[in-house]
Amino acid sequence: MKTRRLILSIALATVTSAAQAEPQSLTDSQMDAVTAGEVLIGVFAVAAAGGDQAYTNTQTSTLIISSPDNVVDIGLGKGQATACCGSDINTAVSTTADASGDKVIQTSLTIDTAGPGYSQSLGFINVIAITPPSSP
């Protein structure tokens, strides 16, 4: 847990300080030394309900943050599906991620709740990919 907090702190500090830096051109040897990680996030949400008073709602969002030097890539995703007040209600949320890097940390959580005339699904995913720059 402490390691995860430290990595998140380093990632945030890297992104924040790098955002304030001026862009610089890289030499050919510096370009050859760059190895970039990558993060892809996908979120899918579906809600279905039948009847005159039925209500459904779905929302998805994804965010990818990369440090300018591609040392740290962070991906976040959230999905929500709600169905209410009808017959034959159903909801589902799925999350997926693909990441490459020297160190990849991925967590996901899906919560499904259902009752008479009501169904809700929530999905969350977080991915951090770290690829330290190669030595020239």
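Do you know which of the residues in segment 46-75 that are in contact (Cβ under 8 Å) with a residue 40 or more places away in the chain and of a type in the set (A, V, I, L, M) is farthest from Ile128 (Cα to Cα)? Ranking the candidates gives Ala49 first.
Evaluate segment 95-107: report whether one residue or more is among the basic types (Lys, Arg), in a strand (DSSP E or B) and surrounded by fewer than 17 Cβ atoms within 10 Å (Cβ to Cβ). Checking segment 95-107: at least one residue is among the basic types (Lys, Arg), in a strand (DSSP E or B) and surrounded by fewer than 17 Cβ atoms within 10 Å (Cβ to Cβ).
Within segment 76-97, residues that are over 8 Å from Val43 (Cβ atoms) sit with their Cβ atoms under 8 Å from residues that are outside any strand (DSSP E or B) and among the aliphatic types (A, V, I, L, M), at 6+ positions apart or across chains, in these pairs: Ala83/Ala54; Cys84/Ala54; Cys85/Ala54; Gly86/Ala54; Ser87/Ala54; Ile89/Ala54.
In segment 81-136, what residues are within 16 Å of Thr62 (Cα to Cα) and in contact with a helix residue (DSSP H, G or I) (Cβ under 8 Å, 6 or more places away or on another chain)? Within segment 81-136, just Ile128 meets the criteria.
Residues are listed down the side, and each one gets a yes or a no for (1) surrounded by 11 or more Cβ atoms within 10 Å (Cβ to Cβ); (2) charged (D, E, K, R); (3) modelled with pLDDT of 85 or more:
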{"site": "Met1", "(1), (2), (3)": "no, no, no"}
{"site": "Asp32", "(1), (2), (3)": "yes, yes, no"}
{"site": "Gln53", "(1), (2), (3)": "no, no, no"}
{"site": "Asn57", "(1), (2), (3)": "yes, no, yes"}
{"site": "Ile74", "(1), (2), (3)": "yes, no, yes"}
{"site": "Lys78", "(1), (2), (3)": "yes, yes, yes"}
{"site": "Ala81", "(1), (2), (3)": "yes, no, yes"}
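Residues of segment 38-51 that are farther than 18 Å from Gln106 by Cβ and surrounded by fewer than 21 Cβ atoms within 10 Å (Cβ to Cβ): Val46, Ala48, Gly50, Gly51.
The values are calculated or read from the model by the stated rules, or taken from the named source; none is laboratory data. Predicted model, so just to flag it, every value in this text is computed and none were measured. Virtual Cβ from ideal backbone geometry, glycine too; neighbours counted across all protein chains shown.
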